[in-house]
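Below you'll find the structure, written out as structure tokens, and then a few comments.
The values are calculated or read from the model by the stated rules, or taken from the named source; none is laboratory data. Everything numeric in this text was worked out from a predicted model, so none of it was measured. Quick reminder, even Gly has a Cβ in these numbers, built from the backbone with ideal geometry, and neighbours come from all protein chains shown.
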Amino acid sequence: MDIFVTETPDVLVEKAIDAGLDAHGKQLNVQAETLVPLQVQCRSRDGTLIGGLLGNTGDTWLHIWQFWVAEEWRNQSFGSQILAAAEDEAIRRKCRHAHLETLSFQGVSFYLDRGYEEYGVLQNYVGPHAQHFLRKKLIG
């Protein structure tokens, strides 16, 4: 047996791991959820990308995994509009909840002010910065 550790993942290995987990779930009568990508773009009038959100939806959850607004466009409600658009689309896709992870310097209060609640923290995750786990009930 050989064990390999790498910083450059092999796409075929990732697919094999996913397939193995799916097969294991089927043995336990657990359906592998189908994740549907979600992308929200915010552009200026001239078409320049000024912010956006990447995530996916699966079963009843929206998972936000990247969210960015360019520095010069912050504090002008664009972030709120992007987040609301993602949540609205998630609800349209029958999601009832949203969750995300963010670092302490990335605007935890932004999410808390928009109805998210913190359910976990990992202190000193990146240097002195904590990783925060947040969730929000979207409907019901």
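Descriptive notes on the structure:
- The residues of the range 66-86 that are outside any helix (DSSP H, G or I) and surrounded by fewer than 13 Cβ atoms within 10 Å (Cβ to Cβ), listed by number, are 66, 75, 76, 77.
- Residue within the range 90-101 that is of a type outside the set (Ser, Thr, Tyr) and free of Cβ contacts under 8 Å to residues at least 24 places away in the same chain present: yes
- Residues in the range 56-86 that are of a type in the set (Gly, Ala, Ser) and without any contact (Cβ under 8 Å) to a residue 40 or more places away in the chain were compared, and the one that is farthest from residue 136 (Cα to Cα) is 70.
- Selection status of residue 39, of a type in the set (S, T, N, Q) and either in contact with a Cys (Cβ under 9 Å, 6 or more places away or on another chain) or under 28 Å from residue 68 (Cα atoms) (or both): yes
- Residue 114 in contact (Cβ under 8 Å) with a residue 40 or more places away in the chain and either touching a Phe, Trp or Tyr at 6+ places or on another chain (Cβ under 7 Å) or of a type in the set (D, E, K, R) (or both): no
- Unique residue being modelled with pLDDT under 95 and of a type in the set (Lys, Arg) when the list is 135, 96, 74: 74
- Checklist (1) within 22 Å of the chain's Cα centre (by Cα); (2) exposed (fewer than 12 other Cβ atoms within 10 Å of the Cβ); (3) hydroxyl-bearing (Ser, Thr, Tyr) applied to residue 8, failing item: (1)
- Residue check, residue 46 acidic (Asp, Glu), within 22 Å of residue 34 (Cβ to Cβ) and either more than 15 Å from the chain's Cα centre (by Cα) or surrounded by fewer than 15 Cβ atoms within 10 Å (Cβ to Cβ) (or both): no
- Put simply, of 55, 107, 25 the only residue that is under 18 Å from residue 134 (Cβ atoms), surrounded by 13 or more Cβ atoms within 10 Å (Cβ to Cβ) and at pLDDT below 90 is 107.
- Looking across the range 97-131, the residues that are under 18 Å from residue 53 (Cα atoms), in contact with a helix residue (DSSP H, G or I) (Cβ under 8 Å, 6 or more places away or on another chain), not in a loop (DSSP other than H, G, I, E, B) and not aromatic (Phe, Trp, Tyr) come down to 98, 100, 102.
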